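Laboratory data are not the source of any read-out in this text; all were calculated from the coordinates shown. Note that the coordinates shown come from a computational prediction; the quantities given were computed from them, not determined experimentally. Using ideal geometry, Cβ is built from the backbone for each residue, glycine included, and neighbour counts are taken over all protein chains shown.
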Amino acid sequence: MKLLAFETATEACSVALWVDGEVHERYGLAPRRHAELALPWADVLLAGAGLDRRDLDAVACGRGPGAFTGVRLAVALTQGIALGLSLPAVGVSTLAALALDAGAAEGEHVLAAIDARMGEVYAAEFVRTADGVEAIGEERLAAPAALELPRPQRLHGVGSGFATAGGVLLSRLDGALVSVDAAALPRASAVARLAARIHEAGGGVDPARLEPAYLRDKVAFTLAERDRIR
């Protein structure tokens with residue numbers, strides 16, 4: 001199976017190509033350059049593998065939550081390529097992709113959290129399985145101080161949400177965390193690994209049905225709201 005994956009929901013931009021179990025990736029911190037880089041990187045990866053888009057079996061993306069513009073871009077790229085080639089599309093939770101790279105052992109729990117700006121984080125809990133991660137509960141948007149937190153025996157923390165608001169999540173989970181990587185950002189390589197399993201299980205969808213996960217309806221404070229939090 002050959003699958004192309006995009007992840008642009010944060011300041012990191014990455015594209016990955018899954019080829020029969022091997023993953024090739026281009027990744028970089030590129031704020032505001034995602035639209036400029038994503039497609040050229042995809043073409044470089046395909047050319048390096050001796051393939052073109054017509055050889056693909058599916059197209060995938062991190063469908064959020066994350067930055068509105070980045071999430072929309074990944075979904076639009078996936079839809080455009082998949083529709084043009086009559087391929088299925090696979091949407092993968094950005095938080096699940098982050099959790100997959102947390103270094104947890106099978107059976108251990110991961111809290112993935114992304115800085116959502118405006119004093120909030122996107123967060124979700126996962127358990128590491130033999131071939132991926134399984135969500136426990138729903139993805140949430142909340143202030144770090146108000147987020148309902150898990151209390152498993154071994155918990156790994158991953159994502160920029162752990163550096164938000166002065167590290168509130170770190171202090172609230174003191175003693176429960178066995179590892180924390182607050183610098184980690186979601187990568188297309190993880191999206192590709194999760195998407196390949198979803199596709200193999202028949203979980204791809206018509207590209208027109210691929211939907212982003214925003215969680216938030218507004219992207220900025222009003223002037224009055226900014227005045228109240230000063």
Problem - Beta bridges by DSSP in the chain, antiparallel share as percent, to the nearest 5 - result: 65 percent
Problem - DSSP-defined antiparallel bridges as percent of all bridges, segment 1-86, nearest 5 - result: 80 percent
Completion exercise
Residues whose built amide H sits under 5 Å from the amide H of Arg154, excluding neighbours closer than 5 in sequence, are His109
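Rank-order 111-121, 163-173 by packing density, defined as the average count of other C-beta atoms within 10 Å over each peptide's residues, highest first.
Descending mean neighbour count gives 111-121, 163-173.
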Exercise for the section: Take the Cα coordinates of the chain, assign each an equal point scatterer, and use the Debye formula without solvent to give log10 I(q)/I(0) at q = 0.17 Å⁻¹. Expected result: -1.16
Problem - Peptides ranked, highest mean first, by Cβ atoms within 10 Å: ranges 15-24, 205-214 - result: 15-24, 205-214
Fill in the blank from the handout: Dividing the helical contributions, -39500 (n - 2.57) per DSSP H run of n ≥ 4, by the residues of the chain yields a 222 nm value, nearest 500 deg cm²/dmol, of -8500 deg cm²/dmol
Handout entry: Net dipole in debye of the chain [+1 Lys, Arg Cβ; -1 Asp, Glu Cβ; about Cα centre; nearest 20]
Key = 640 debye
Exercise for the section: List the equivalent ellipsoid semi-axes of segment 33-124 in whole Å, largest first, each obtained as the square root of 5λ for an eigenvalue λ of the Cα gyration tensor. Expected result: 27, 17, 12
Problem - Euclidean distance between Cα centres, segment 148-211 to segment 97-138, Å - result: 3 Å
Practice task
Give the relative contact order (percent, whole number) for the chain; include only Cα pairs under 8 Å separated by 6+ residues.
Solution key: 24 percent
Handout entry: Amide H partners (placed H, <5 Å) of Ala60, local residues excluded
Key = Leu4, Ala5, Phe6, Val90
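On a full-extension model of 0.36 nm per residue, what is the gain between Tyr27 and Met1, subtracting their alpha-carbon distance, rounded to one decimal in nm?
Full extension from Tyr27 to Met1 adds 7.2 nm.
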